[in-house]
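Visitor: Mind looking over this structure? Questions follow.
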Amino acid sequence: MTTADVVIVGGGIVGASIAYQLTKAGCRNVLILEREAHQGKGSTGKSMGGVRAQFSTDVSIQMSLYSIPFFRDFEDALGHPSGYCAQGYLFVAASSTHLNYLRANHARQAAMGLTTARLLDPEDVTRMVPQLRSDDIVGGSFCSTDGFVDPYSIMTGFTLRAIDQGARLERDVTVTGIQKDVRGITAVETSQGGPVATRIVVNAAGAWASQIAGMAGLDLPVEPLRRMLVPTEPFDKIAHSAPMIIDMSTGFHFRPESLGLLLAWNDPEETPGFKTNFDRAFVEKILTHAVSRVPVLEEVEVNPSRAWAGLYEMTPDHHPILGEAPGIAGFYCANGFSGHGVMHSPATGKILADLILKGSTELIDARLLNYSRFAEGRLIEETAVL
Ligand SMILES: Cc1cc2nc3c(=O)[nH]c(=O)nc-3n(C[C@H](O)[C@H](O)[C@H](O)COP(=O)(O)OP(=O)(O)OC[C@H]3O[C@@H](n4cnc5c(N)ncnc54)[C@H](O)[C@@H]3O)c2cc1C
């Protein structure tokens, strides 16, 4: 029977980061099982690649404060590009409620040690992006170390280094069951050959995480939620050096991508489910919001066949669920990133490796994100979700 010290279910950016950190710390017999023929076919390959520290809770900010410098230094450390572009995130407020929210978040971010975020008055905002309709803008916030990365390249870099350090990646292998005894996990069943004996399983199955948890007897509150992105044709009326720009009045946000822009908007009418088809009616909805804040976008051209949809993995409080499941020794969760799984993948890898190998981590207070918070009523709502 094949054996592994740790089996990671899912070879997306989160599974790859955990494999990298485990093997870097000396745990070499790590096996990643990925059901697809290629990595990145889950949410990682669908992501917008945004990375930011402008969050509303201490623990989200802490995870970004670890992860963003990690992306900056990624190529030096792992020998593979991360594509990190520090073009910033600009939140644009058009109501006093939103401005007060940004002020409160900024105070929290500063208290956590973020030095690159600042509040803006309306003139700063329009100076930064003159194309914005400004009649109702009351201010904003900008963080210069926020920006974008290449999720596929990061996933590949983590995987290649993990393999250099002793990990194995098996593709085209679906995890179909998990075996336990009184001491906890004993093996993982797969679509290929016999079971893999192991005492530690990490659930890194993205939007499919609750299926894997169910195999171990755990009811995991992670729901798939469709998100759609619309790339534009080449467009030069917004600077290619522009930040990610978020219109807080509608949630519409966009950033430069290649020679054009990448447009995003989270439709409040979307319902949970494994829907990965792109709905062409979305183009008209998103362009309405786009033009209302950025009138020059009336001239932008969109080819709907280049647009795509993917799945967020949502939890009830929009924070991930990290760590060992109560009552199932050896079953670890790295799930429910609620739209932040790319940007928090470096921190997640480090936290999971620490928890598995040492039983504790100094990166965050891991109790805040454990599974038991739901039963114990300790939810900590992250409201800065795009
Ligand atoms: C449109 C969109 C935009 C986004 N934008 C951002 C953004 O700007 N910034 C950001 O940080 N995040 C963003 N996200 C979220 C981010 O992409 C995810 O949180 C992240 O990719 C999750 O990584 P993962 O490795 O956990 O999951 P995935 O990449 O989904 O990987 C999970 C893997 O598990 C495999 N798997 C599932 N079941 C099994 C099984 N039974 N056996 C074996 N393998 C299995 C799947 O095939 C998959 O490859 C976005 C997501 C979407 C959809």
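Visitor: If the elastic network links every pair of Cα atoms under 10 Å, which of Lys350, Lys41, Lys237 fluctuates the most in the Gaussian network model of the chain?
Guide: Lys237
Visitor: Can you tell me, using C-alpha contacts under 8 Å and at least 6 residues apart, the relative contact order of the chain as a whole percent? Present the calculation step by step, with values, prior to reporting the outcome.
Guide: On the way: 898 pairs, mean separation 90.7, N = 386.
Computed over the chain, the figure is 24 percent.
Visitor: Then there is this: Please check: in the Gaussian network model of the chain (C-alpha springs, under 10 Å), which one of Thr176, Thr159, Thr57 has the largest mean-square fluctuation.
Guide: Of Thr176, Thr159, Thr57, the most mobile in the Gaussian network model is Thr176.
Visitor: Assuming a viscosity of 0.890 mPa s and a temperature of 25 °C, what translational diffusion coefficient in µm² per second does Stokes-Einstein assign to the stretch 122-219, Rh being the Kirkwood radius over Cα pairs?
Guide: On the way: Rh = 18.1 Å.
Stokes-Einstein gives a translational diffusion coefficient of 136 µm²/s.
Visitor: Separate question: Once you've got the GNM for the chain with C-alpha springs shorter than 10 Å, pick whichever of Val296, Val182, Val196 has the biggest mean-square fluctuation.
Guide: Val182
Visitor: Once the other residues with Cβ under 14 Å from the Cβ of Arg171 are scored (Lys, Arg +1; Asp, Glu -1), what is the net sum?
Guide: Numbers: positive: Arg35, Lys41, Arg168; negative: Glu34, Glu36, Glu170, Asp172.
Summing Lys/Arg as +1 and Asp/Glu as -1 gives -1.
Visitor: A follow-up question, please. Eight or more residues apart or on different chains, and alpha-carbon atoms under 25 Å: count the Lys pairs in the chain matching that.
Guide: Step by step, the pairs that qualify in the chain add up to 11.
Visitor: Still on this structure, please answer the following. Do you know the relative contact order of the stretch 234-386, to the nearest whole percent, from alpha carbon pairs under 8 angstrom that are 6+ apart? Spell out each step's value before the answer.
Guide: Working: 179 pairs, mean separation 26.4, N = 153.
After rounding, I find 17 percent.
Visitor: Something else now. Tilt of helix 345-358 relative to the longest C-alpha principal axis of the chain, in degrees (0 to 90, nearest 10)?
Guide: 30 degrees
Visitor: Under a Cβ-only charge scheme (Lys and Arg +1, Asp and Glu -1), can you give me the dipole magnitude of the stretch 1-84 about the Cα centre, in debye to the nearest 20?
Guide: Numbers: 7 positive and 7 negative charges, 35 e Å.
The dipole magnitude comes to about 160 debye.
Visitor: Can you order the peptides 250-261, 97-108 by their average number of other Cβ atoms within 10 Å per residue, highest first?
Guide: Numbers: 250-261: 20.2, 97-108: 16.7.
Top to bottom by mean Cβ count within 10 Å: 250-261, 97-108.
Visitor: Got the relative contact order for the stretch 101-237 handy, in percent, Cα pairs under 8 Å and 6 or more residues apart? Don't jump to the answer; show the numbers that get you there.
Guide: Details: 122 pairs, mean separation 16.2, N = 137.
Computed over the stretch 101-237, the figure is 12 percent.
Visitor: If you plug each phi of the stretch 240-255 into the Karplus form 6.51 cos²θ - 1.76 cosθ + 1.60 with θ = phi - 60°, what whole-Hz ³J(HN,Hα) values come out, in order, with x for Gly and Pro?
Guide: These are the phi-based 3J(HN,Hα) values: 5, 8, 5, x, 5, 10, 10, 7, 5, 6, 10, x, 4, 9, 7, 8 Hz.
Visitor: Let me ask something additional. Helix-derived [θ] at 222 nm for the chain: sum -39500 (n - 2.57) over DSSP H runs of at least 4, divide by residue count, nearest 500? Mind showing how you got there, number by number?
Guide: Working: 10 runs with 107 residues, N = 386.
Here the helix-only value at 222 nm equals -8500 deg cm²/dmol.
Visitor: Would you grab the residues whose amide H sits under 5 Å from the one on Val51? Only those 5+ places off in sequence or on another chain, please, with H modelled 1.01 Å from N.
Guide: Gly147, Phe148, Val149
Visitor: Antiparallel versus total DSSP beta bridges in the chain: what percent is that, nearest 5? Display every interim value, and only then the final one.
Guide: Details: 42 of 60 bridges.
Close to 70 percent.
Visitor: Which net charge results when you count Lys and Arg as +1 and Asp and Glu as -1 among the other residues whose beta-carbon is under 14 Å from that of Ser60? Please report the intermediate quantities before stating the final value.
Guide: Details: positive: Arg52, Arg108; negative: Asp58, Asp146, Asp317, Asp365, Glu381, Glu382.
That works out to -4.
Visitor: What does the highest-first list of 271-284, 353-366 look like by mean Cβ count within 10 Å?
Guide: Working: 271-284: 13.1, 353-366: 16.5.
Highest mean packing first, the order is 353-366, 271-284.
Visitor: Right, something else. In bins 20 Å wide, starting from 0, what share of all Cα pairs of the chain does each bin hold, as a percent?
Guide: Going out from 0 Å in 20 Å bins, the chain shows 29, 57, 14, 0 percent.
Visitor: Nearest 10 degrees is fine. How inclined is helix 13-24 to the longest principal axis of the chain, computing both from alpha carbons?
Guide: On a 0 to 90 degree scale, this one is about 50.
Visitor: What percentage of all Cα-Cα pairs in the stretch 1-130 are separated by more than 23 Å?
Guide: Working: 4251 of 8385 pairs.
Distances greater than 23 Å cover 51 percent of the Cα pairs.
Rule-based calculations on the coordinates, nothing more; no lab input. This one's a predicted model, so the numbers in the text were calculated from it and none came from an experiment. Ideal geometry is used to build each Cβ from the backbone, glycine not excepted, and the neighbour counts take in all protein chains shown.
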